[in-house]
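Just below is one structure, and these are the notes that go with it.
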Amino acid sequence: MSRRFGKALAAAAAGALVLAGSALAANTGTVGVSVSGSATTIHVSVPQSSDPVAQLNIFAPAGTAASLGQAAGSTIGSIPNATAYSYDTTLTLPLTGAVIVSSLAQVGAASYTPCIGSATPAAVWLLHLSVAGQTLDVPMYVFQTAGAETALGAYKLTTCLPPPDVPAGTPGRAAFGAQLLDAEFTVTGVFTPGAGAWETLITPYTPKTGQPNAVGTFEARSIPGKGSITLKAKLNPKTHVVSLSGTVGGAGSGTVTIYRGAAAISTATASNGTFKASTKLLGKKPVTYSAKVSSDQSQTACSPALPATVAPAGCASATVGAVSATSNKVTVKP
């Protein structure tokens, strides 16, 4: 971790224990979670018009199992897309990186104590990011919940961020004056999610003060996108037309791509859990078909929202995570 960024994170996190005044803005944001095999993808998005984020607490649903014994230094995931607005350059900065297993000793007490107090996490990860030729390491602390927090989920992922909108030179200010706008990261071989929504509590800063606004804490919820797709094929021997049909589970809708072998040959739209397509059978050799469905993150209702004692500023959004799934293969003989 760069010395400048580490100090900024530590000082900003110290404010996470401070109760600021009442919510000052109609802050909003979304969190989308998708599960594909052993990979869990979490996508956090907060518009620039919202107050900067001071702390994120992401809760994996009840019944989630987690494998957290990876050795320090192991890469357990990727960060393919992230963006931050820089108050210093007035530019939106693109970031990419990896999720790396770390430890409290590596992070250092000056960083973790203000953010998580004396609690001992089950794991420490670094969101190892690169931007403008520099490396930024953002710690994420993974806890198995206890007490009242078990009502929110089985595990909690906590991250504290430094304030970007205080004057340049202010101790604890974010490197580049960077305000998080969007971050997508995937961890593999870690979570076996339980049923239910992933709850996220987002605490903003009171603008231009560097002080977290606990009363402005709001909820963003995501129902994981778990997709499945099946495929059937029927050949008309007179016309040599292959009728393809199938079902889509999970999202129930999305774009279906039809493959002949490894080549994509057509697309269809899944609606209400089903899709249809057709293609011409060419040649005299058996042909193998498959299908893949993908859907974007979609909105749903916050029903019921978390109580005001947990999320004083209410529920800002609820989503159904994006879906990607591949079907069985079917072989058609002429």
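The values are calculated or read from the model by the stated rules, or taken from the named source; none is laboratory data. Predicted, not measured: the structure shown is a model, and the values here were computed from it. We place every Cβ from the backbone using ideal geometry, glycine too, and count neighbours over all the protein chains shown. Please note that ligands, DNA and RNA were not included when accessible areas were found on the heavy atoms of the full protein model with its side chains. Shrake-Rupley method; radii C 1.70, N 1.55, O 1.52, S 1.80 Å.
List of remarks:
- Flag if V248 is open to solvent by less than 40 Å² (accessible area, probe 1.4 Å) and within 16 Å of T279 (Cβ to Cβ): no
- Residue satisfying all of: in the range 112-134; at pLDDT below 90 and open to solvent by 20 Å² or more (accessible area, probe 1.4 Å); farthest from I76 (Cα to Cα) among these: P114
- Residue among A308, A264, A277, A301 that alone is without any contact (Cβ under 8 Å) to a residue 24 or more places away in the chain and more than 21 Å from A197 (Cα to Cα): A264
- Extreme residue, nearest to the chain's Cα centre (by Cα), among residues of the range 62-120 that are without any contact (Cβ under 8 Å) to a residue 24 or more places away in the chain and assigned to a loop (DSSP other than H, G, I, E, B): G69
- Look at (1) touching a residue at least 60 places away in the same chain (Cβ under 8 Å); (2) over 15 Å from the mean Cα position of the chain (by Cα); (3) part of a strand (DSSP E or B) and you find that H128 fails only one, number (1).
- Out of K280, K238, K276, sole residue that is in contact with a His (Cβ under 7 Å, 6 or more places away or on another chain) and basic (K, R): K280
- Scope the range 168-182; condition touching a strand residue (DSSP E or B) at 6+ places or on another chain (Cβ under 9 Å) and small (G, A, S); matching residues: A174, A175, G177, A178
- Lone qualifier among V190, V248 - being of a type in the set (A, V, I, L, M, F, W, C) and at pLDDT 95 or above: V190
- Residue match in the range 18-41 (condition: at pLDDT below 95, under 16 Å from L201 (Cα atoms), outside any loop (DSSP other than H, G, I, E, B) and open to solvent by 10 Å² or more (accessible area, probe 1.4 Å)): no
- From the options A168, A195, residue that is surrounded by fewer than 24 Cβ atoms within 10 Å (Cβ to Cβ), in a loop (DSSP other than H, G, I, E, B) and at pLDDT 95 or above: A168
- Selection status of K234, over 30 Å from S130 (Cα atoms), modelled with pLDDT of 95 or more and touching a strand residue (DSSP E or B) at 6+ places or on another chain (Cβ under 6 Å): yes
- All strands (runs of 3 or more DSSP E) inside the range 255-334 with 1 or more residues being at pLDDT below 95 and either among the aliphatic types (A, V, I, L, M) or out of contact with any Cys (no Cβ under 9 Å at 6 or more places or on another chain) (or both): 263-270, 274-280, 287-295, 315-320, 323-326
- Subset of the range 43-61 (residues that are farther than 19 Å from T145 by Cα and either free of Cβ contacts under 8 Å to residues at least 60 places away in the same chain or out of contact with any Pro (no Cβ under 7 Å at 6 or more places or on another chain) (or both)): H43, V44, S45, V46, P47, Q48, S49
- Counted residues, the range 47-61 - those being outside any strand (DSSP E or B) and farther than 20 Å from G225 by Cβ: 6
- Hey, S222 within 25 Å of P334 (Cβ to Cβ) and either touching a strand residue (DSSP E or B) at 6+ places or on another chain (Cβ under 7 Å) or assigned to a strand (DSSP E or B) (or both) or not: no
- Considering residues of the range 251-278 that are of a type in the set (S, T, Y) and within 15 Å of K329 (Cβ to Cβ) only, the residue least open to solvent (accessible area, probe 1.4 Å): T257
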